[in-house]
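Working notes for the structure below.
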Amino acid sequence: MPWFVWLLAAAALGVAEFLTLTLVLGLLAGAALVAAVVAGVGIGLSGQLLALAAAAAAGLLLVRPVALRHMAQPPLVHEGSDALIGKQAEVTQEVTATRGLIRLSGEEWSARAFDESLVIPVGALVDVMEIEGATALVYPRELLP
């Protein structure tokens, strides 16, 4: 089997992987590239098929599980306002369901109570539960379980 046929198969599998995002077809495309190299060296069809099978098995049994595990993990570094979620802050102006101010990471932030029925007094310590735009949604620390 000529090497360019394996190359065409690899390209087709690569396009299919791009459309499906399964991590299977891309690894098979890599195996087809290995078979193309083996065919280009001049090894016969049985050697090409053996190389294809070995590369596909290695990819599917070794590479895919590691790749899936890494894709399932959340990013280690939180950036921007996401980094503020979970931080502790101090109330500098009473926080209600509609308004308030807190000191968060050395800066003044507008804030609202996460639980709309709460009124959080000045000086209370709060945890940032969410960030909506430039407003922190906070919950008082002493009410946390």
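The values are calculated or read from the model by the stated rules, or taken from the named source; none is laboratory data. Since we're looking at a predicted model, the values are computed, not measured. Here the Cβ positions follow ideal geometry from the backbone for every residue, glycine too, while neighbour counts run over all protein chains shown. Side chains included, ligands, DNA and RNA excluded: accessible areas come from the protein's heavy atoms. Shrake-Rupley method; radii C 1.70, N 1.55, O 1.52, S 1.80 Å.
Only one of L45, L33, L49 is touching a residue at least 12 places away in the same chain (Cβ under 8 Å) and in contact with a helix residue (DSSP H, G or I) (Cβ under 7 Å, 6 or more places away or on another chain); which?
Values: L45 fails: in contact with a helix residue (DSSP H, G or I) (Cβ under 7 Å, 6 or more places away or on another chain); L49 fails: in contact with a helix residue (DSSP H, G or I) (Cβ under 7 Å, 6 or more places away or on another chain).
On inspection, the qualifying residue turns out to be L33.
Which pairs have Cβ atoms under 7 Å, sit 6 or more apart or on different chains, and link a residue in region 109-137 that is at positive phi to one that is open to solvent by less than 70 Å² (accessible area, probe 1.4 Å)?
G123/V91
Take region 1-34 and flag every residue that is among the small types (G, A, S) and either buried (at least 19 other Cβ atoms within 10 Å of the Cβ) or within 25 Å of A72 (Cα to Cα) (or both). First the steps, then the outcome.
At the first step, the residues of region 1-34 found to be among the small types (G, A, S) are 9-12, 14, 16, 26, 29-32.
Hits for region 1-34 are A9, A10, G14, A16, G26, A29, G30, A31, A32.
Can you list residue pairs whose Cβ atoms sit under 7 Å apart, with the first residue in region 64-91 being farther than 26 Å from R112 by Cα and the second being part of a helix (DSSP H, G or I) and not polar (S, T, N, Q)? Count only pairs 6 or more apart in sequence or on different chains.
R64/L27
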